[in-house]
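J.: Take a look at the following structure, please.
Every read-out reported here was derived from the displayed coordinates using simple, explicitly stated rules and does not represent laboratory data. Values in this document were obtained by computation on a predicted structure and should not be read as measured data. So basically every Cβ, Gly included, is an ideal-geometry build from the backbone, and we count neighbours across all protein chains shown.
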Amino acid sequence: MIQKVVVAGGGVLGSQIAFQSAFKGKDVTVWLRSPASIERARPKFERLQAVYLSTLEALRPLCGSESAYPRGLVDGLRDLRTEEIDALQARVQKAAESIRFELDLERAVRDADLIVESVAEDPRSKQAFYESLQLFLKEDAIVATNSSTMLPSAFAEGMRDPSRYLALHFANSIWQNNTAEVMGHAKTDPAVFAQVSDFARSIGMIPLELKKEQPGYILNSMLVPFLMAAQSLLVNDVADAETIDKTWVLGTGAPYGPFRILDVVGLDTAYNITKAIPGTEKIAAMLKEKIDEGKTGVQAGEGFYKYE
């Protein structure tokens with residue numbers, strides 16, 4: 001059973017994976033590269049604590065109903081009693097207090113059952129992390145990449161034990177969009193694959209098991225072309241971001257348009273993905289300009305839109 005979890009990286013999804021795991025009772029350590037990285041990560045965890053508490057509070061009047069609910073936090077509302085909200089909120093507080101930040105990689109991972117790599121979406125950054133990681137892993141540890149687009153086979157041969165390495169990808173806002181895509185490579189041990197699927201269930205996710213490797217998994221295989229199409233409309237001056245978003249929302253009934261989604265994902269992540277796609281230089285330049293201005297999305301308070 002996977003109990004001790006290390007998340008490498010404290011970005012948008014790294015922080016969410018860590019907080020959700022702690023909320024579900026896992027022993028969680030977040031490894032970061034520097035004291036400055038810790039200071040940048042802390043506000044993300046404070047925001048998640050506030051979001052979990054307020055989301056649970058909003059469920060009180062809905063207990064016993066058939067309303068929509070945050071699937072990663074509760075199993076349903078029909079049998080949920082209002083007094084259980086108090087216990088869940090106490091669990092949020094405990095999760096926030098229990099998460100450890102660690103700069104020493106050896107100390108972070110030496111007893112870990114599962115290491116979830118969520119460093120920058122850049123192959124050199126990931127490769128450098130894996131090279132250091134191999135020195136300190138215990139024999140039965142499992143390593144999973146949360147890469148949005150890269151295949152585990154691209155890094156597997158550099159692992160001490162490729163059979164214990166695979167991909168585990170989460171959707172953003174995992175407390176409500178509770179999917180976990182599990183994707184192995186040719187040498188992944190089926191038993192390890194099953195263990196990771198079980199871990200996903202244990203932290204409130206629905207494991208989506210891929211039969212073979214696919215760049216972008218299932219979700220991003222659909223999402224990335226959609227976002228690229230929207231950005232192409234913008235950089236080619238077909239319409240502004242607000243109009244493109246409005247078109248999508250009005251035409252499909254979706255809650256968000258592509259540029260709201262990009263702000264949630266984070267423009268730095270979008271930029272790293274875009275750099276790897278030929279013929280997208282104009283889009284990459286647009287994203288880089290915003291990043292250089294500090295407008296990286298919701299977490300920064302501004303991206304394509306401003307946020308309080």
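J.: Can you sort Ile99, Ile85 so the residue with the fewest Cβ neighbours within 10 Å comes first?
T.: The order, fewest Cβ neighbours first, is Ile85, Ile99.
J.: Residue by residue through the range 171-182, which ³J(HN,Hα) values in whole Hz follow from phi under the Karplus form 6.51 cos²θ - 1.76 cosθ + 1.60 (θ = phi - 60°), with glycine and proline marked x?
T.: 6, 5, 6, 5, 5, 10, 9, 8, 9, 9, 7, 10
J.: Determine, for Met183, Met150, the number of other Cβ atoms within 10 Å of each Cβ, and report the residues in order from fewest to most. Please report the intermediate quantities before stating the final value.
T.: Numbers: Met183 26, Met150 18.
In increasing order of surrounding Cβ atoms, one gets Met150, Met183.
J.: Please work out the C-alpha center-to-center distance from the range 1-59 to the range 84-104 and express it in whole Å.
T.: Their Cα centres are 9 Å away from one another.
J.: Another question, if that's okay. List the residues whose amide H sits under 5 Å from the amide H of Gly297, counting only those 5 or more places along or on another chain, with H placed 1.01 Å from N in the peptide plane.
T.: Those qualifying (amide H under 5 Å, at least 5 residues apart or on another chain) are Leu267, Glu302, Gly303.
J.: Once every Cα of the range 4-209 carries one equal point scatterer and solvent is ignored, give the base-10 log of I(q)/I(0) from the Debye formula at q = 0.08 Å⁻¹, two decimals.
T.: Log-scaled intensity ratios, in q order: -0.27.
J.: Under the Karplus relation 6.51 cos²θ - 1.76 cosθ + 1.60, θ = phi - 60°, what is the ordered set of whole-Hz ³J(HN,Hα) values for the range 289-294, x standing for Gly and Pro?
T.: Per residue, the Karplus-derived 3J(HN,Hα) values read 4, 5, 4, 4, 8, x Hz.
J.: Now a separate question. Provide Leu80, Leu48 in ascending order of the number of other Cβ atoms located within 10 Å of each residue's Cβ, fewest first. Don't skip to the answer; put the middle values down first.
T.: Values: Leu80 19, Leu48 23.
Arranged by neighbour count, lowest to highest, Leu80, Leu48 become Leu80, Leu48.
J.: In a Gaussian network model over the chain where Cα atoms closer than 10 Å are linked, find which of Gly297, Gly25, Gly253 has the largest mean-square fluctuation.
T.: Among Gly297, Gly25, Gly253, the largest mean-square fluctuation in the Gaussian network model of the chain belongs to Gly253.
J.: Can you give the Rg and Dmax of the range 221-300 based on its C-alpha atoms, in angstrom?
T.: So, for the range 221-300, Rg and Dmax equal 12.0, 33 Å respectively.
J.: Using amide H atoms built in the peptide plane, which far-off residues or other-chain residues are under 5 Å from Glu117 H to H?
T.: Those lying under 5 Å, H to H, from Glu117 are Ala8, Ala144, Thr145, Asn146.
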